[in-house]
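To start, the structure under review is shown below, and the notes come after it.
The values are calculated or read from the model by the stated rules, or taken from the named source; none is laboratory data. Bear in mind the structure is a predicted one, so any value in this text is a computation, not a measurement. Reconstructed Cβ throughout: ideal geometry from the backbone, glycine too, with neighbour counts over all protein chains shown.
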Amino acid sequence: MGSYKPVNAVMRGLEVLTAVNKLKGRATVGELHRETALDKATIVRMLETLMHAGLVVRDADRTVYEVTGKTLLLCAGYDRHRAVGRVVAPIIASFRNRFGWPSDVAICDHDAMVLIESSRESGPIVVNRLPGYRAPMLGTSLGLAYLAFASGEERDDVLDRVTAMPAVWNEIARDRAKAERYLADIRAQGYATMHDEYSRTEYGRRISTIGVPILVDGVSMAAMNVLYLKNALSADEAVKTMLAPLEACAAEIAEALTAGPG
């Protein structure tokens, strides 16, 4: 705890800035009032202060307030990939030591899954994917597993974003009912597999994956996969031997990531 009482005006300003971000980076005064319960006059004063600081701009035509790129400076000192990777790395390294096949862990970033940690360093699967690699949402088991267990609003947002992308695995997003049935089937079975066309283009169909969500209160916070050589295991054999350990490892990661501050 600090030595001084918090400055209430600063606290209110941060609360308004946080609310604008929460509302997808653009919000009206009415939306901010419903989100924060602050009176509208206070919200307007906070927004004008944030505008002077260069953190918010006002779109006069639609009377909405938007965050600016300057807000990125507020998180420049925090490397989310590295912070989460420190927690994840020993868990997936242990998984590989026990079962032999490498794994990736990724988080969602708008329209793709961003790799935060991998245990592919050595062994029969030597195609490296470094942290920061963006895996297509509907082409990979990581993305499909994450999306199937995401909230309905997030699923809609992601499907809207990938609809315009030309890759063949995104075609299903253009038929929303079909996409929802496909994701419901993944939820029912508890896992996803790599799209065959992604396996062909990236790995010459030599490699496939099983992906599962990393869940908190039943909703995706990340996803984990296991990679295997298709000439060593059939898809059915991979599921039979690897799914239960993979789910257990994902649950261990979820517990570790939610166990302490940050």
**Asked** Pairs under 6 Å by beta carbon, first residue in contact (Cβ under 8 Å) with a residue 40 or more places away in the chain in the stretch 51-75, partner surrounded by 15 or more Cβ atoms within 10 Å (Cβ to Cβ) and of a type in the set (Lys, Arg), six or more apart or different chains?
**Response** GLU66/ARG26
**Prompt:** Somewhere in the stretch 211-219, is a residue of a type outside the set (A, V, I, L, M, F, W, C) and either surrounded by fewer than 16 Cβ atoms within 10 Å (Cβ to Cβ) or at pLDDT below 90 (or both)?
**Reply:** yes
**Every pair of residues 6+ apart whose Cβ atoms lie under 7 Å, when the first sits in the stretch 1-29 and is assigned by TED's automatic domain parsing to the domain that holds ARG58 and in a loop (DSSP other than H, G, I, E, B) while the second is of a type outside the set (D, E, K, R) and surrounded by 10 or more Cβ atoms within 10 Å (Cβ to Cβ)** = GLY25/VAL67; THR28/THR63; THR28/VAL64
**Asked** Do we have any residue at all in the stretch 45-53 that's out of contact with any Pro (no Cβ under 9 Å at 6 or more places or on another chain), under 26 Å from GLU154 (Cβ atoms) and assigned to a loop (DSSP other than H, G, I, E, B)?
**Response** no
**Message:** Just to verify a result, which residue in the stretch 109-147, among those that are within 25 Å of ALA232 (Cα to Cα) and among the β-branched types (Val, Ile, Thr), is modelled with the highest pLDDT?
**Reply:** THR140
**Subset of the stretch 132-156 (residues that are free of Cβ contacts under 8 Å to residues at least 24 places away in the same chain and either part of a helix (DSSP H, G or I) or of a type in the set (D, E, K, R) (or both))** = GLY152, GLU153, ASP156
**Request:** Six or more apart or on different chains, Cβ under 9 Å: which pairs go from a residue in the stretch 172-201 that's crowded, with 20+ Cβ neighbours inside 10 Å to one that's aromatic (Phe, Trp, Tyr) and assigned to a helix (DSSP H, G or I)? Could you list them?
**Result:** ALA192/TYR146; MET194/TYR203; HIS195/TRP169; TYR198/TRP169
